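Q: Dropping a structure here in structure tokens format, bear with me for questions.
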Amino acid sequence: MADETNARRWSMRITYVGLCLLVMFFHLLPLSTVPRGWAGPDLLIALSFAWVVRRPDYVPTLAVAAMLLLADMLFQRPPGLWSALVLIAMEGLRSSGRRSRQDGFALEWMNMAITLTVITVIYQLILMMLIAGPPPLTLSLMALIATILAYPVVVLLSGVLLGVRKAAPGAIDALGHRI
Amino acid sequence: MARDRGHTDDYKAPLRRLLLGVLILCLAVLFLLWRIDNPRVERFRAQVIDQVMPGFGWAMGPVTTTVNIFRDFQSYQRIHEQNQELRRELQQMRSWKEAALQLEQENARLLDLNNVALDPRLTYITGVVLADSGSPFRQSVLINVGARDGIVDGWATMDGIGLVGRISGVGANTSRVILLTDATSRIPAVIQPSGQRALIVGDNSSAPPIDFLENKDLVRPGDRIVTSGDGEVFPAGLLIGQVAKDPGGRLRARLAADYERLEFLRVLRDHGAQRVTQPSALITPSEVPDSGPSPEDAEAAESAAELANGG
């Protein structure tokens with residue numbers, strides 16, 4: 001029993017890293033080199049947020065940091081800033097997810113939306129202050145809204161396909177720790 | 001057991017928080033470092049991409065091809081229409097071909113008469129597009145030639161017809177091309193036949209606006225835009241595109257390169273290109289243009305003044 005749970009935890013961690021790499025892979029495919037004028041959802045963020053609220057033990061901080069930094073590097077973003085902000089946001093979500101385990105989904109969604117908006121604004125402000133060429137506002141706004149809208153889908157899919165659901169209150173893991 | 005659990009929790013939570021703090025600190029330091037010493041961190045980024053891309057590369061080709069096949073399949077729906085269109089174009093092309101052949105012969109004769117050797121400096125290296133920028137905020141592509149093939153930052157990149165972009169970021173096996181449509185792209189250009197100088201300023205749209213134009217009245221939609229070679233950023237005379245006017249009355253460049261499908265790119269070897277080597281270095285012209293009289297004139301004027309004073 002203990003081994004099984006542990007094995008599942010590690011396999012889900014590997015799944016998380018794999019999913020992140022898959023998302024980046026599809027982003028990088030050279031399918032459209034014409035400027036699109038619209039921005040899709042940041043699935044990396046939606047995935048990380050959804051999982052950290054449900055099962056924080058599936059998304060170890062180190063793996064998240066590595067994936068986000070890799071995304072920063074690959075997508076030509078200023079390295080480090082977005083990753084740092086997302087890590088901070090995830091820490092907030094992690095603790096609030098622990099506190100509000102019985103709350104409904106609407107509340108969680110709102111919480112996620114507010115958090116993401118706040119870090120997006122901070123990101124834009126810092127880049128503006130350092131004159132580092134902040135991304136176009138309309139595009140960032142579009143990406144923000146798309147990510148918020150994509151969140152329930154990501155939650156649903158990871159629940160149905162991968163079984164990432166909130167642990168029942170008082171559930172314990174293999175070693176007897178509270179999750 | 002219970003005590004044990006409490007014990008592990010005791011050291012686990014602070015340890016995790018410490019790890020998180022250290023990670024965030026590292027990331028923030030990396031960001032600041034990027035802001036202060038940009039070329040170094042960008043070189044590091046090029047190396048990281050160089051390491052990661054081969055891992056993706058093996059799957060990228062097949063998946064891209066599959067998606068493109070599906071897209072082509074959609075276009076079969078209007079195959080009849082396309083066929084008619086192609087026939088019409090073919091008809092036009094035949095007449096053009098005739099004209100081109102005659103001109104080619106004439107050109108060959110004239111070149112022969114003048115004994116002209118074409119400029120051998122502009123040789124090129126061809127690379128395949130591996131990946132795009134991956135985000136809607138930046139317009140760039142990654143190609144599969146790099147420092148190993150002698151690629152240098154700042155070289156011009158073309159597809160078969162027109163200018164595509166500028167090399168920025170070279171790894172050992174890959175290099176990044178910042179497209180003309182990227183918001184950071186600024187290309188000095190000259191508009192033919194009026195000879196007006198301008199900048200082609202990328203703004204994340206498919207037709208970058210033409211900026212810093214001296215006299216708008218001399219430029220008409222349809223004029224050719226070529227690189228001017230100002231500041232030795234690019235060799236002169238590379239085709240960029242045509243002038244077009246958008247509904248707002250702003251002049252834009254309709255790019256000659258086929259941005260819909262960038263597959264193979266030519267990187268032009270340009271040994272005159274200025275390079276940015278130091279963190280705070282700038283690309284400047286060797287002499288400031290139009291800053292009053294030229295040095296010789298100034299000297300002449302000075303000596304004349306001296307003579308006048310002496311006399």
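The values are calculated or read from the model by the stated rules, or taken from the named source; none is laboratory data. For clarity, every value in this text was computed on a predicted model and none was experimentally measured. Every residue, glycine as well, gets a Cβ built from its backbone with ideal geometry; the counts of neighbours run over all protein chains shown.
Q: Only one residue in A:TRP10, A:TRP51, A:TRP82 is at negative phi, out of contact with any helix residue (DSSP H, G or I) (no Cβ under 9 Å at 6 or more places or on another chain) and either among the aromatic types (Phe, Trp, Tyr) or at the interface with chain B (Cβ under 9 Å from one of its Cβ atoms) (or both), so which one is that?
A: A:TRP10
Q: Another one. Mind checking whether some residue in the range B:27-43 is within 10 Å of another protein chain (Cβ to nearest Cβ), of a type in the set (S, T, N, Q) and either surrounded by 11 or more Cβ atoms within 10 Å (Cβ to Cβ) or more than 30 Å from the chain's Cα centre (by Cα) (or both)?
A: Looking for residues that are within 10 Å of another protein chain (Cβ to nearest Cβ), of a type in the set (S, T, N, Q) and either surrounded by 11 or more Cβ atoms within 10 Å (Cβ to Cβ) or more than 30 Å from the chain's Cα centre (by Cα) (or both), one finds at least one in the range B:27-43, hence yes.
Q: Same structure, new question: Give the residue, chosen from A:VAL34, A:VAL23, that is within 14 Å of chain B (Cβ to nearest Cβ) and either in contact with a Phe, Trp or Tyr (Cβ under 7 Å, 6 or more places away or on another chain) or more than 25 Å from A:GLU91 (Cβ to Cβ) (or both).
A: That would be A:VAL34, the only listed residue that is within 14 Å of chain B (Cβ to nearest Cβ) and either in contact with a Phe, Trp or Tyr (Cβ under 7 Å, 6 or more places away or on another chain) or more than 25 Å from A:GLU91 (Cβ to Cβ) (or both).
Q: From the list A:ALA65, A:ALA71, pick out the single residue that is under 17 Å from A:VAL154 (Cβ atoms), within 9 Å of chain B (Cβ to nearest Cβ) and touching a residue at least 12 places away in the same chain (Cβ under 8 Å).
A: On inspection, the qualifying residue turns out to be A:ALA71.
Q: Give the residues of the range B:183-197 that are assigned to a loop (DSSP other than H, G, I, E, B) and within 19 Å of B:GLY165 (Cα to Cα), sorted by residue number.
A: Those that are assigned to a loop (DSSP other than H, G, I, E, B) and within 19 Å of B:GLY165 (Cα to Cα): B:ALA183, B:THR184, B:SER185.
Q: Any residue at all in the range B:32-52 that's without any contact (Cβ under 8 Å) to a residue 12 or more places away in the chain, assigned to a helix (DSSP H, G or I) and small (Gly, Ala, Ser)?
A: The answer is no, given that none of the residues of the range B:32-52 is without any contact (Cβ under 8 Å) to a residue 12 or more places away in the chain, assigned to a helix (DSSP H, G or I) and small (Gly, Ala, Ser).
Q: Of the residues B:LEU122, B:LEU111, B:LEU101, which single one is closer than 30 Å to B:HIS271 by Cβ and either in contact with a Gly (Cβ under 6 Å, 6 or more places away or on another chain) or in a helix (DSSP H, G or I) (or both)? Walk me through it before giving the result.
A: Numbers: B:LEU122 fails: either in contact with a Gly (Cβ under 6 Å, 6 or more places away or on another chain) or in a helix (DSSP H, G or I) (or both); B:LEU101 fails: closer than 30 Å to B:HIS271 by Cβ.
Only one candidate passes the filter, namely B:LEU111.
Q: Within the range B:44-80, which residues are aromatic (Phe, Trp, Tyr), farther than 30 Å from A:LEU81 by Cα and within 12 Å of chain A (Cβ to nearest Cβ)?
A: Within the range B:44-80, B:TRP58, B:PHE70 qualify.
Q: Could you look through the range B:250-264, keep only residues that are at pLDDT 90 or above and crowded, with 22+ Cβ neighbours inside 10 Å, and pick out the one that is farthest from the chain's Cα centre (by Cα)?
A: B:ARG252
Q: Right, here's the next one. Quick check on this structure: which one of B:ALA172, B:ALA156 is surrounded by fewer than 21 Cβ atoms within 10 Å (Cβ to Cβ), touching an Asp or Glu at 6+ places or on another chain (Cβ under 9 Å), of a type in the set (A, V, I, L, M) and in the same structural domain as B:ARG269 (by TED's automatic domain parsing)? Write out each step before concluding.
A: Working: B:ALA156 fails: surrounded by fewer than 21 Cβ atoms within 10 Å (Cβ to Cβ).
When all the criteria are applied, what remains is B:ALA172.
Q: I would also like to ask the following. Every residue in the range A:1-41 that is more than 30 Å from B:ALA257 (Cβ to Cβ) and either in contact with a His (Cβ under 9 Å, 6 or more places away or on another chain) or of a type in the set (Phe, Trp, Tyr) (or both), please.
A: A:TRP10, A:TYR16 - these are the residues of the range A:1-41 that are more than 30 Å from B:ALA257 (Cβ to Cβ) and either in contact with a His (Cβ under 9 Å, 6 or more places away or on another chain) or of a type in the set (Phe, Trp, Tyr) (or both).
Q: Identify all residues within the range A:114-147 that are within 15 Å of the chain's Cα centre (by Cα), over 21 Å from B:ARG35 (Cα atoms) and of a type in the set (S, T, N, Q); write none if there are none.
A: Answer for the range A:114-147, where residues must be within 15 Å of the chain's Cα centre (by Cα), over 21 Å from B:ARG35 (Cα atoms) and of a type in the set (S, T, N, Q): A:THR115, A:THR117, A:THR147.
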